[in-house]
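Nothing in this text is a laboratory measurement; each read-out follows from the coordinates by a stated rule. In this text the structure is predicted, and so the values were computed from the model without any measurement. Cβ: placed from backbone, ideal geometry, glycine included. Neighbour counts: every protein chain shown.
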Amino acid sequence: MANLLRDRRTAAEWAAVEQVIEIAEELSGFERLRSIVEADLAALEADGMPAGWRDAVIAGELEFGFADAQQRVPTVRCKVAVTVDAVCQRCLEVFRLPLETEAKLLLLGLEETAEGYDDHEVWELDKSTLRPQDIVEELLIMALPFSAMHVDLESCKVLSAAAGDHEDRTKPFAALRAQMIQDQ
Ligand SMILES: [Zn+2]
C-alpha cells in the first residue's frame with residue numbers, strides 16, 4: 001500500500017486500471033503535513049508535547065477512474081481522515097483536532113479544461129505524473145482550520161475560566177493568556 005501511495009504514474013495510467021488505494025499511514029510519512037503540525041506544537045513547552053503526535057494515522061481511500069465514457073478525463077475520488085494534535089488558539093492547550101476531507105477531482109494538466117463536470121473539482125497537475133500521496137497530503141493541508149480551537153468547548157480553559165469569576169481569580173495566568181489572545 002505504501003508503495004502505491006508513493007508511486008509516480010500518469011493520471012491516465014492510474015485511471016486505466018481503476019486503481020483503488022487503501023490508506024493507513026502514519027503522519028510521520030507525510031513530510032509537509034508533519035512539519036505544519038510540528039510547527040504548531042512548537043508553541044508548547046518541551047514537556048507539554050503530546051507523546052506520539054507523529055503516529056497519528058491517516059486513513060481513507062483513493063479511487064481512480066475516468067469521468068467520461070471515452071476515457072479522456074481521469075478522475076480520483078478521495079476520502080481521508082486523521083486526528084492530529086494541535087494547540088488551541090484560544091487557551092493555548094493541546095487538543096485532538098479531527099480532520100476529514102472528501103473530494104471528487106478531475107485530474108487535468110495545466111491549461112486543460114473539461115466541460116460538464118460540475119460535481120468535480122479541478123486538480124491541476126503541474127507534472128506529467130502524479131504521486132497519490134501528494135493529493136492526500138494537499139487535501140488534508142487544505143482541511144486544516146485557519147485557527148485551531150478546542151472542538152469540545154467544555155475542555156477549553158479560556159471558555160471555562162470565563163464561565164465564572166472564581167476561576168479567573170484562581171487562574172490569573174489563564175485569564176492573562178485569554179486577554180493576550182483577544183488582543184492579537
Ligand atoms: Zn481551548
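Remarks
- GLU26-ASP134 pseudo-label distance in nm [points 7 Å out on the Cα-to-Cβ vector]: 2.6
- When each of the peptides 55-67, 10-22 is scored by the mean number of other C-beta atoms lying within 10 Å of its residues, the order from highest to lowest reads 55-67, 10-22.
- Non-local Lys pairs in the chain, i.e. 8 or more apart or on different chains, that have alpha carbons under 30 Å apart: 4
- Estimated from helices alone, the mean residue ellipticity of the chain at 222 nm is -8500 deg cm²/dmol (sum of -39500 (n - 2.57) over DSSP H runs with n ≥ 4, per residue).
- Dipole check for the chain: with +1 at the C-beta of Lys and Arg, -1 at the C-beta of Asp and Glu, and the Cα centre as origin, the magnitude is about 380 Debye.
- Segment GLU124..ALA12, full-extension length gain: 38.9 nm, with 0.36 nm per residue of separation and the alpha-carbon distance subtracted.
- Listed by Cβ neighbour count within 10 Å, with the fewest neighbours leading, THR83, THR75 appear as THR83, THR75.
- For the range 1-70, the Cβ-based charge dipole about the Cα centre amounts to some 240 debye (Lys, Arg positive; Asp, Glu negative; other atoms uncharged).
- Estimated vicinal HN-Hα couplings, Hz - the range 19-34 in sequence order (Karplus 6.51, -1.76, 1.60; Gly, Pro = x): 4, 10, 10, 7, 10, 8, 10, 6, 3, 4, x, 10, 4, 5, 5, 4
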